[in-house]
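Notes for the one structure printed next.
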Amino acid sequence: MRVYVPLTLSGLAEAYKAGELGPGAAYAVTPALREWYASDDIEELEYAALNRAAFASLRLVAGDPGVARRRVVLAADVPDEGVEPGSGSASASELGEVRVARVLGLKKVAAVHVDAEDAVGDVAAAVGVLGAADQGDDDAWFAGGGVEDRELLWFATQEIAGLIG
């Protein structure tokens, strides 16, 4: 199963140094995500799961004022038995959520998706309004910049050293 693991750049650096990533939250094409997205196109569904992970990465960035204001998502292939269901909720923030139950070696990582350096301002703006948006302020998210319009860049695993350097 292809999973999308949300991280920060410092989290990516730690995983790179260790050569692995501990068990934890990820996103994948789940039955709830399929139903919500209403598409049978696996590429579209995987893109939706990647975007869910990018939003989770934004939350990780928001939770640590010391990390770089760039979203990071690892795409990895994990055996189905190595993935557990997420919270079981179908809420918008948890659609596609799963848990990677085992240590994930970086050799299983297929690609790394990271915001471009020029996205830092948009990510910082989104972090700044996240709390208000969570409280139901619909205008806050619109005032927070265009982070949702930003595509994450694709990097091969061989490029991780350059990303964290």
remark   = From the option list Val83, Val98, Val78, single residue qualifying as in contact with a Ser or Thr (Cβ under 8 Å, 6 or more places away or on another chain) and at pLDDT 90 or above is Val98
ask   = Quick one: how many residues across segment 133-148 are more than 30 Å from Lys17 (Cβ to Cβ) and either charged (D, E, K, R) or in contact (Cβ under 8 Å) with a residue 60 or more places away in the chain (or both)?
value = 5
note = Among the residues of segment 149-165, the number that are under 12 Å from Arg71 (Cα atoms), free of Cβ contacts under 8 Å to residues at least 60 places away in the same chain and surrounded by 14 or more Cβ atoms within 10 Å (Cβ to Cβ) is 2
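Residue-by-condition table, conditions (1) under 12 Å from the mean Cα position of the chain (by Cα); (2) under 18 Å from Arg150 (Cβ atoms); (3) aromatic (Phe, Trp, Tyr):
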| site | (1), (2), (3) |
| --- | --- |
| Lys17 | no, no, no |
| Gly22 | no, no, no |
| Glu43 | no, no, no |
| Ala53 | yes, yes, no |
| Leu60 | yes, yes, no |
| Val67 | no, yes, no |
| Arg70 | yes, yes, no |
| Asp77 | no, no, no |
| Leu95 | no, no, no |
task = Tell me which residues, restricted to segment 117-163, are aliphatic (A, V, I, L, M), assigned to a helix (DSSP H, G or I) and under 17 Å from Leu60 (Cα atoms).
result = Ala119, Val120, Val123, Ala124, Ala125, Ala126, Val127, Val129, Leu130, Ala132, Ala133, Val147
ask   = Are any residues in segment 111-133 loosely packed, with under 13 Cβ neighbours inside 10 Å and either of a type in the set (Gly, Ala, Ser) or closer than 19 Å to Asp64 by Cβ (or both), and if so, which ones?
value = Ala116, Glu117, Gly121, Gly131
ask   = Is it true that some residue in segment 131-139 is hydrophobic (A, V, I, L, M, F, W, C) and under 18 Å from the mean Cα position of the chain (by Cα)?
value = no
message = Looking only at segment 55-70, how many residues end up being surrounded by fewer than 18 Cβ atoms within 10 Å (Cβ to Cβ), charged (D, E, K, R) and in a loop (DSSP other than H, G, I, E, B)?
response = 1
remark   = Taking segment 8-54 and the residues there that are among the polar types (S, T, N, Q) and outside any helix (DSSP H, G or I), the one that is nearest to Glu117 (Cα to Cα) would be Thr8
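The values are calculated or read from the model by the stated rules, or taken from the named source; none is laboratory data. On a predicted model such as this, the values are computed, not experimentally measured, just so you know. We place every Cβ from the backbone using ideal geometry, glycine too, and count neighbours over all the protein chains shown.
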